[in-house]
Amino acid sequence: MIAAPFFRWDWVFNHLDLIRDKVAEHLVLTGIALGVGLAISVALALVGLRFPRLYPPITWVTGVLYTIPSLALFAFLVPITGFTTLTAEIGLVSYTLLILIRNIVAGIQGVDPAVREAALGMGYAPRRLFLEIELPLALPVILAGIRIAAVTTIGLVTITALIGKGGVGFFILDGLSRFFHTEIVLGTALSVILAVVVDLSLVLAQRLLTPWASRRTPVAG
């Protein structure tokens, strides 16, 4: 009796269309979570910068969301929003907020006060100061936060397979249910590859957008 191979390339080649669809689904779920998360984070970070007393409550609430186990969060949301993309995105977006808000605020607060004072002395209005001085100088720290959020989200998307989404996480869940090693290895490998590719793409974007920044960018702890 010949033992079945640990990894079946023939199964992979026979399911290329399904693999393509799941990779695309993974990227779409990640992109939506990052886009929505960044928009909410920018708004909350601006509120925290404008009203410093509100910054601790903002980080406390987003910190609580960050610590909720993903399975518990999805179990809570499913009776309300069902097995939908909305359920997946609520969970995914909530995990990006703390990372992005802290990096946006740290980036803005890290701008050299002398630069800020020089701009004010030149007659910069607050909005122009933010858009033309503070935001560009804070960009390396903000992009570092986006990189962390992106890699984290790509990993978390696999968990959403439990509610019928999940992108390449579908292969991991299906493989575990059938004890089929090929799907488990494929789903895991694709998740890692996607994280590496997206991270390298963001590193390239960071270098193109902030050529003045050093290679080692400080990240908010």
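One chain, two ends: E132 and V115. Fully extended at 0.36 nm per residue, the span grows by 5.0 nm beyond their Cα-Cα distance. Across segment 123-221, C-alpha contacts under 8 Å between residues 6 or more apart give a mean separation that, scaled by the residue count, equals a relative contact order of 31 percent.
The figure for D174 is an accessible area of roughly 40 square angstrom, using a 1.4 Å probe on the protein chains alone. GNM remark for the chain: springs join alpha carbons under 10 Å apart, and the peak mean-square fluctuation among G121, G166, G63 falls on G121. Here the spin labels are modelled as points 7 Å beyond Cα on the Cα-Cβ line, and at F7 and V61 they lie 4.6 nm apart. The residues of the chain expose, per residue, 56 Å² of accessible area to a 1.4 Å probe. Measuring nothing but protein heavy atoms, the accessible surface of segment 1-158 at 1.4 Å probe radius is 71 percent carbon and sulfur.
Each Lys and Arg adds +1 at its Cβ and each Asp and Glu adds -1 at its Cβ; summed about the Cα centre, the chain shows a dipole of about 480 debye. Along the charge dipole of segment 1-121, pointing to its positive end and built from +1/-1 on Cβ of Lys, Arg, Asp and Glu, which listed residue (P57, L38, I108) has its Cα farthest out? Of P57, L38, I108, it is P57. Our helix-only sum for the chain, with -39,500 (n - 2.57) per DSSP H run of n ≥ 4 divided by its residues, gives a mean residue ellipticity at 222 nm of -25000 deg cm²/dmol. Measuring only protein heavy atoms, the 1.4 Å probe finds S177 accessible over about 80 Å².
Please identify every one of the chymotrypsin sites (Phe, Trp or Tyr not before Pro) in segment 170-209 that sits in a loop by DSSP and has no more than 10 other beta carbons within 10 Å of its own beta carbon.
Numbers: sites: F170, F171, F179, F180; in loops: F179, F180.
Filter output for segment 170-209: F179.
If R0 is 22 Å, the Cβ-Cβ spacing of V203 and A24 corresponds to a FRET efficiency of close to 0.45. Long hydrophobic helices in the chain, taken as whole DSSP H segments with a C-alpha length of 24 Å or more on their own axis and mean Kyte-Doolittle hydropathy at least 1.0: 16-50, 85-109, 135-157, 181-209.
Using a 10 angstrom cutoff on alpha carbons, build the Gaussian network for the chain and name the most mobile of R207, R147, R102. Greatest mean-square fluctuation among the candidates belongs to R207.
Residue order by solvent-accessible surface for R128, R20, R53, R116 is R53, R20, R128, R116, largest first, with ligands and nucleic acids left out and a 1.4 Å probe. Our summary gives the chain a relative contact order of 25 percent, counting only alpha carbon pairs under 8 angstrom and 6 or more residues apart.
What the pair-distance distribution of the chain shows, using all Cα-Cα distances binned every 5 Å from zero, is 1, 7, 13, 15, 16, 14, 11, 8, 6, 4, 3, 1, 1, 0, 0, 0, 0 percent.
Dividing the C-alpha radius of gyration of segment 49-91 by 2.2 N^0.38 Å, with N its residue count, gives 1.47.
The values are calculated or read from the model by the stated rules, or taken from the named source; none is laboratory data. Keep in mind it's a predicted model, so treat the numbers as computed, not measured. In this analysis, Cβ positions are derived from the backbone assuming ideal geometry, glycine residues included, and neighbour counts consider all displayed protein chains. Surface areas here come from the heavy atoms of the whole protein model, side chains and all, with no ligands, DNA or RNA. Shrake-Rupley method; radii C 1.70, N 1.55, O 1.52, S 1.80 Å.
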